[in-house]
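In what follows, a structure is listed as structure tokens, so that the remarks can point back to it.
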Amino acid sequence: MLALLTALPLAATPALAADKLSLILDWYVNPDHGPIIIAREKGFFREEGLDVDIIAPADPSAPPKMVAAGQADIAVSYQQQIHLQAHEGLPLLRVGTLIGSPLNCLLTLADGPVKSITDLKGKKVGFSVAGVEESILHTILAKNGLKMSDVELINVNWSLAPSLMSKQVDAVIGAYRNVELNQMAVEGVKGRCFYVEEEGVPPYDELIYVANAKTMDKDKISRFLAATEKATQFILNHPQESYEIYASTGKELQDEVNKRAWFDTLPRFALRPAALDIGRYRRYEAFLKEHGLVPSILPVSKIAIDVNAEGPSQ
């Protein structure tokens with residue numbers, strides 16, 4: 001009886017509450033966010049003692065600013081942007097990687113007038129984000145003997161594939177090879193991608209996680225990254241099952257574009273989301289300086305960190 005009475009208080013003690021963590025996506029939910037969605041649906045966040053609030057932004061430029069202002073714990077962002085934001089003085093650091101290779105490409109119509117980069121002379125090129133995309137285009141053109149003045153830049157906002165298919169422009173920069181190519185294919189239009197990392201642009205992490213350098217909780221972020229690492233392994237081991245789990249979370253995710261994009265994105269997920277390639281960030285910082293997009297070269301420790309590192313390593 002004494003043993004039973006002793007055990008009762010223990011049985012009545014509630015489980016420890018999970019630590020809350022707010023995550024702002026870079027855009028509406030899409031296959032790029034696979035490890036995040038699978039980590040939630042498979043309970044990997046819960047296993048790490050986390051209750052993750054996943055939020056899609058109304059404005060895709062807002063997430064890093066929200067983290068800088070203390071309105072969210074982490075945000076999905078872009079390696080190119082974190083370099084610029086570091087020079088602007090925003091208190092942000094890269095703390096993990098979601099997509100570990102470029103997705104960006106210069107996209108043209110397969111049966112259109114642009115068969116090679118040199119064919120862009122005198123043509124219209126659409127873009128969405130000024131600055132970095134222009135530097136990428138400048139590099140691609142220069143590698144092929146062209147100048148920026150040889151093309152006409154047109155801001156097509158976020159309407160990349162539609163503006164190309166409607167022939168409003170002859171090419172677009174900033175298209176994702178796993179998304180826009182599939183959008184066009186579903187419409188019966190074949191596209192051609194010129195891959196930026198094969199045209200003189202240093203390889204980079206397409207999608208990263210950023211946190212506030214002053215207020216971040218490294219332990220919670222480390223557990224978040226451990227959960228997404230588990231999710232990535234599950235996705236790679238069970239691609240069809242993971243797609244079905246992902247698609248079941250929203251009717252808008254069950255179309256042909258999402259299905260094709262899911263399987264095209266699988267090889268791009270970072271296998272070690274917490275790992276930091278210091279040389280990659282140094283090279284991209286030098287690339288931005290060379291193109292006049294940043295005034296100086298910052299040490300990597302001002303741009304990106306490994307949250308699991310025991311001491312300064314950059």
* To do: Kindly indicate the residue of the range 61-81 that is of a type in the set (Ser, Thr, Tyr) and closer than 16 Å to Asn104 by Cβ and also surrounded by the most Cβ atoms within 10 Å (Cβ to Cβ) among those meeting that condition.
  => Ser77
* Structure fact -> When every residue in the range 116-133 that is touching a residue at least 24 places away in the same chain (Cβ under 8 Å) and either in contact with a Pro (Cβ under 9 Å, 6 or more places away or on another chain) or open to solvent by 30 Å² or more (accessible area, probe 1.4 Å) (or both) is compared, the one nearest to Ser61 (Cα to Cα) is Val129
* To do: Please state which of the following conditions Ala231 fails to meet, knowing it meets all the rest: (1) in a loop (DSSP other than H, G, I, E, B); (2) open to solvent by less than 20 Å² (accessible area, probe 1.4 Å).
  => (1)
* Out of (1) of a type outside the set (Phe, Trp, Tyr); (2) surrounded by fewer than 19 Cβ atoms within 10 Å (Cβ to Cβ); (3) more than 17 Å from the chain's Cα centre (by Cα), the odd one out for Glu197 is which? -> (3)
* Structure fact -> Considering residues that are more than 28 Å from the chain's Cα centre (by Cα) and closer than 21 Å to Arg268 by Cβ, the number found within the range 102-145 is 0
* **Residues of the range 205-240 that turn out to be in contact with a helix residue (DSSP H, G or I) (Cβ under 7 Å, 6 or more places away or on another chain), closer than 14 Å to Ala39 by Cα and of a type in the set (Gly, Ala, Ser), as a count** => 2
* Could you look through the range 27-45, keep only residues that are under 14 Å from the mean Cα position of the chain (by Cα) and open to solvent by 10 Å² or more (accessible area, probe 1.4 Å), and pick out the one that is farthest from Thr215 (Cα to Cα)? => Asn30
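Per-residue answers, yes or no, for (1) in a strand (DSSP E or B); (2) under 30 Å from Ala226 (Cα atoms); (3) open to solvent by less than 50 Å² (accessible area, probe 1.4 Å); (4) modelled with pLDDT of 95 or more:
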position	(1), (2), (3), (4)
Gly96	yes, yes, yes, yes
Ser101	no, yes, yes, yes
Leu106	yes, no, yes, yes
Ile136	no, no, yes, no
Val172	yes, no, yes, yes
* To do: Check the range 176-184 and report whether any residue there is open to solvent by 10 Å² or more (accessible area, probe 1.4 Å) and farther than 25 Å from Ala261 by Cα.
  => no
* Among residues belonging to the range 250-295 that are polar (S, T, N, Q) and part of a helix (DSSP H, G or I), point out the one that is surrounded by the fewest Cβ atoms within 10 Å (Cβ to Cβ). => Asn258
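The values are calculated or read from the model by the stated rules, or taken from the named source; none is laboratory data. Note that this is a predicted model, so its numbers are computed, not measured. Cβ: placed from backbone, ideal geometry, glycine included. Neighbour counts: every protein chain shown. Note: accessible area is taken over every heavy atom of the protein model, side chains too, but ligands, DNA and RNA are not part of it. Shrake-Rupley method; radii C 1.70, N 1.55, O 1.52, S 1.80 Å.
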